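The structure under discussion appears below in the form of structure tokens.
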Amino acid sequence: MTGIVGVIRMRRKASARDLPLLSVGIDAISQLEAWCGRRGWSPFGFQREAWHAYSRGRSGLIHAPTGVGKTSAAWGGPVAEGLADGDGEGIRVIWLTPLRALASDTAKALRELAEGVGLGAWTIEMRTGDTKASVRARQRRRLPTCLITTPESLSLMLTYPDTAEKMRTLRAVVVDEWHELLGNKRGVQAELCLARLRAWFPELRTWGLSATIGNLDVAMAALLGDRAPGGATIAGDEPKAVEIETLIPASMERFPWSGHLGISMLEQVARQVDRADSTLLFTNTRSQTEIWFQALADLRPGWGDALAMHHGSLERDIREEVERRLAAGEAKCVVCTSSLDLGVDFSPVDQVMQVGSPKGVARIIQRAGRSGHRPGATSRVVGVPTNAFELVEFAAARGAIAERRIESREPLRLALDVLVQHLVTCAIGGGFKSRAMLAEVRSSHAFADLAAPEWRWCLDFVQFGGAALAAYPDFKKVRRSSDGTFRVDDPRMVQLHRMNIGTISSESAISVRFGNGKRLGTVEENFLAKMKPGAQFVFAGRRLELVKLREMVATVRPARRKARGRIPQWMGGKFPLSTELADAVAANFRRSGFDPEAEPEMAAAGPILEIQRAWSTVPEPGELLIEQTRTAAGFHSFVYPFAGRLVHEGLATLCAFRLARDRPRSVGVAFNDYGFELHAAEEFALDEEGWRELFEPRTLLPDLLECMNVHELARRQFREVARVAGLVLSSYPGRARGTRSLQASSGLLFDVFAKYDTDNLLLAQAQREILDRQLEMTRLRAALDEMATATIVLVATRKLTPLAFPLWADQLSAEELSSERYSDRLARMLGELEAAAARPGAPELQPEMSRF
């Protein structure tokens, strides 16, 4: 294991100190500094800068590493203002959080500062989907001084006509963890809500907090909309040390494949956990969380309740109990997903571990920040590779952190499904007029380029449901009155809209409960749909037996016999490598001569890279490596753009389509983060011109539309678009709809629009989303442009290389083989390759190489 420290330094981007202070006054800010002094620390420069900028009426974005005090930086301005004017009546601050799990920790931190400077009369409350109905009813009558809420709950509040009057004292909105909202529809929903609040209260200040993001200017533009030119970008200039350590496997195979280490490092992980008082063991999926929790529980039964699990599908009271034990220092190890990526008060955690590649630089920084979560402390993360190449990825992540290569997040533009939902929200909440609402909507970054025809289409849609649905009353939600005001008059429409507000789409969830009613959490409908009573599965750290499945409720009991049981699978399991991390990995592959003390990961992976160089090569910048080899199953071409698995999925499918179009044949594909495989019974006899034509970027879109069956993919994506736009509803009074019902409704609407309303803008949006989301179209096009002009290094290899073997293994696993036949063929190939690797310089193993 190694521990290398990289220091992140954040440079200050803007200063507000050349402007005069408002009436907030220096005295109020001095009281903040005195409070810090009583706690034994002095405010950082970026915190003072944020307080002064707020006091001058400015909005902006605060960017700093996790654990250096962003919350205090954003909260201090409103607190100082409260000290200066002494007015505690009415709501002053809305604190927008992306996760309900953050709300309680945030409330604790905000109360501590407010009470510490003498604002004990301030009320700080939460309003989320978990808030009790009685509390929400009280807040409807009287809002607290500071309301901590989510984009969905804020949007719901906007449906009440008296909201503007109740919020007339509002001074500021703070958007916490803005990077978590940027780039998804919840972020667009937040942008529209902020635009509405700024239209009501022109002097409103908006501040965003972000720990890990590369494109600050774009992030602030999305946050502030048309007010971004006057915004302040404030970066914490305090150094934050991040230490990445890696567990090195006791033995290393020279031909790794995806996940081949599995939980073989379990004993090493358990020993590492034993060395710390508290550990967060992060995994990349909920299924992995269940697997690792069960494995640790079996290995270390003595840990008992000190071992816990946390992921988003567990029941809320289970998650809250884990969070309480974590904060109280009662949990030795919590196996978790991104549900604990974010947080305020996790100071008791002194160790973070990451199972599998982090896939992105920002992600590992965020997770490392759960340890040392206080100013001046070092954040540490211990990497646990699930295959040997992930050693290279952990080393690459460390290098990228040191060089400040952190991913950017691009905000969504023109998400019309979110816009039409928001228009209905505003029509319910007092109504709107077209010209004023258009100006308001265009003031947001997401809809700054909204064209007049698109706006008219949206207005027609909320009034009539579009051309194909104009005859159906259920889609006539909004009515335009004689004075030009758009309103919703039907109480049933109001109720249904409020029940279905939001942009989060997922598989329909089945509630898992014991016979006594105790809830464990939710699993996706598709997982349990084919199970019969008596079937066993593992969930929430328990071995369970299905008793019955009825009306979206699975009744279970503890399994009576100790069987292995299935682990639930959730959608969205595999992340692609980010561009920044993929570039760093490719650079590491090109290096040699590693110092075992400084880079033990690369030293451990060295023998693998030596075989790669001996049997083929490693591409230099500007080169595209293509390996060709023959096995008993046929001919294989392996192409390595190092562009991430989603891009490679699109490239593999595109190339296979073009090969089969030019000459009818069956072409198999496989793909991972490093490259893709094309496999056929006969050789691809391609010269330079043939490979160049295969990578031709000019016909990318039409070829993809044809070969990917994008129409059917868009049909599936339309389900989410239709739900957000209010065409299909997931919740009704007293009941919920299952996945099949939603699919049937959205599928029928898609077919109707495709046949009778081809200009429906939601159809085009569904197609655009599937290209961007499933294939990363922008990144795919950039990769294809690079491939088209790169120097092609064509290598005829005698054996599968270390880079090729995992692709071959993935392609093999996709064939219809029994598990025994698969494992036999895999073991036989591994035996052949390991025997050959013992004599890598043998003449019969030397490759034939050409460049063009």
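Here are some notes:
- Among the residues here, Arg286 does not qualify as at pLDDT 85 or above, open to solvent by 30 Å² or more (accessible area, probe 1.4 Å), within 21 Å of the chain's Cα centre (by Cα) and within 30 Å of Leu61 (Cβ to Cβ).
Each row is one residue, and each column tells you yes or no for (1) under 30 Å from Thr246 (Cα atoms); (2) among the basic types (Lys, Arg).
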| site | (1), (2) |
| --- | --- |
| Glu403 | yes, no |
| Lys433 | no, yes |
| His445 | no, no |
| Gln463 | no, no |
| Ser481 | no, no |
| Val488 | no, no |
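- Exactly one residue among Arg127, Arg138, Arg111 is out of contact with any helix residue (DSSP H, G or I) (no Cβ under 8 Å at 6 or more places or on another chain), surrounded by 16 or more Cβ atoms within 10 Å (Cβ to Cβ) and not polar (S, T, N, Q), and that residue is Arg111.
- Residue in the range 288-300 that is part of a helix (DSSP H, G or I), without any contact (Cβ under 8 Å) to a residue 24 or more places away in the chain and either under 30 Å from Asp810 (Cα atoms) or out of contact with any Ser or Thr (no Cβ under 8 Å at 6 or more places or on another chain) (or both) present: yes
- Hits in the range 825-838 - residues which are hydrophobic (A, V, I, L, M, F, W, C) and loosely packed, with under 11 Cβ neighbours inside 10 Å: Ala827, Ala835, Ala838
- Within the range 80-109, the residues that satisfy the criterion of being closer than 26 Å to Glu152 by Cα and part of a helix (DSSP H, G or I) are Arg100, Ala101, Leu102, Ala103, Ser104, Asp105, Thr106, Ala107, Lys108, Ala109.
- Members of the range 651-669 that are loosely packed, with under 14 Cβ neighbours inside 10 Å and either at pLDDT 90 or above or assigned to a loop (DSSP other than H, G, I, E, B) (or both): Arg663, Pro664, Arg665, Ser666
- Of all residues in the range 189-224 being out of contact with any strand residue (DSSP E or B) (no Cβ under 9 Å at 6 or more places or on another chain) and aromatic (Phe, Trp, Tyr), the one that is most open to solvent (accessible area, probe 1.4 Å): Trp200
- When residues of the range 110-128 are limited to those that are modelled with pLDDT under 90 and in a loop (DSSP other than H, G, I, E, B), the one nearest to Ser30 (Cα to Cα): Val117
- Filtered by the rule that a residue be in contact with a Lys or Arg (Cβ under 6 Å, 6 or more places away or on another chain) and in contact (Cβ under 8 Å) with a residue 60 or more places away in the chain, the range 672-689 gives Asn672, Asp673.
- Every pair of residues 6+ apart whose Cβ atoms lie under 9 Å, when the first sits in the range 470-485 and is within 12 Å of Lys433 (Cβ to Cβ) while the second is at pLDDT 95 or above and open to solvent by 40 Å² or more (accessible area, probe 1.4 Å): Arg480/Arg487; Ser481/Arg487; Asp483/Lys433; Gly484/Lys433; Gly484/Arg435; Thr485/Lys433
- The residues of the range 576-614 that are out of contact with any strand residue (DSSP E or B) (no Cβ under 9 Å at 6 or more places or on another chain) and charged (D, E, K, R), listed by number, are Glu580, Asp583, Arg590, Arg591, Asp595, Glu597, Glu610, Arg613.
- Of all residues assigned to the range 379-392, none qualifies as being assigned to a loop (DSSP other than H, G, I, E, B) and within 30 Å of Gly225 (Cβ to Cβ).
- If you go through the range 743-784 and keep only what is open to solvent by 30 Å² or more (accessible area, probe 1.4 Å), within 27 Å of the chain's Cα centre (by Cα) and of a type in the set (D, E, K, R), you end up with Arg768, Asp772, Arg773, Glu776, Arg779, Arg781.
- Matching entry among Glu693, Glu683, Glu689, Glu677 (being at pLDDT 90 or above and over 25 Å from Ala582 (Cβ atoms)): Glu693
- Restricting the range 443-452 to residues that are in contact (Cβ under 8 Å) with a residue 40 or more places away in the chain and open to solvent by 10 Å² or more (accessible area, probe 1.4 Å), the residue that is farthest from the chain's Cα centre (by Cα) is Ser443.
- Scanning the range 53-68 for residues that are part of a helix (DSSP H, G or I) and surrounded by fewer than 23 Cβ atoms within 10 Å (Cβ to Cβ) returns no hits.
- Single unsatisfied condition, Glu580 versus (1) touching a residue at least 24 places away in the same chain (Cβ under 8 Å); (2) open to solvent by 30 Å² or more (accessible area, probe 1.4 Å); (3) closer than 21 Å to Gln811 by Cβ: (3)
- Leu204 meets the conditions (1) within 27 Å of the chain's Cα centre (by Cα); (2) modelled with pLDDT of 85 or more in every case but one. The failed one is (1).
- Of all residues making up the range 587-643, the number that are part of a helix (DSSP H, G or I) and aromatic (Phe, Trp, Tyr): 2
- Scanning the range 132-154 for residues that are part of a helix (DSSP H, G or I) and touching a residue at least 12 places away in the same chain (Cβ under 8 Å) gives Gln139, Arg140, Pro151, Glu152, Ser153, Leu154.
- Options Val538, Val523, Val618, Val547; residue that is surrounded by fewer than 18 Cβ atoms within 10 Å (Cβ to Cβ), touching a residue at least 12 places away in the same chain (Cβ under 8 Å) and β-branched (Val, Ile, Thr): Val547
- From the list Leu154, Leu158, the lone residue that is open to solvent by less than 50 Å² (accessible area, probe 1.4 Å), closer than 27 Å to Ser55 by Cβ and among the aliphatic types (A, V, I, L, M) is Leu154.
- Verdict on Arg737 being open to solvent by 50 Å² or more (accessible area, probe 1.4 Å) and modelled with pLDDT under 90: no
- Meets criteria (open to solvent by 50 Å² or more (accessible area, probe 1.4 Å) and either closer than 25 Å to Ala388 by Cβ or touching a Pro at 6+ places or on another chain (Cβ under 7 Å) (or both)) for Gly841: yes
Table: residues versus (1) modelled with pLDDT of 95 or more; (2) open to solvent by less than 20 Å² (accessible area, probe 1.4 Å); (3) among the hydroxyl-bearing types (Ser, Thr, Tyr).
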residue: Phe389; (1), (2), (3): no, yes, no
residue: Ala395; (1), (2), (3): no, yes, no
residue: Arg404; (1), (2), (3): no, no, no
residue: Glu410; (1), (2), (3): no, no, no
residue: Leu419; (1), (2), (3): yes, yes, no
residue: Val424; (1), (2), (3): yes, yes, no
residue: Gly431; (1), (2), (3): yes, yes, no
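- Matching residues, the range 670-684, being over 22 Å from Glu393 (Cα atoms) and assigned to a loop (DSSP other than H, G, I, E, B): Ala681, Glu682, Glu683, Phe684
- Pairing residues of the range 110-131 that are closer than 18 Å to Trp51 by Cα with residues that are of a type in the set (Gly, Ala, Ser) and outside any loop (DSSP other than H, G, I, E, B), at Cβ distances under 7 Å and at least 6 apart in sequence or on separate chains, gives Leu113/Ser72; Leu119/Gly82.
The values are calculated or read from the model by the stated rules, or taken from the named source; none is laboratory data. Fair warning: this is a prediction, and the values are worked out from it, not measured in the lab. For neighbour counting, all protein chains shown are included, and Cβ atoms are generated from backbone atoms with ideal geometry for every residue, glycine included. With ligands, DNA and RNA removed, areas are computed over all heavy atoms of the protein, side chains included. Shrake-Rupley method; radii C 1.70, N 1.55, O 1.52, S 1.80 Å.
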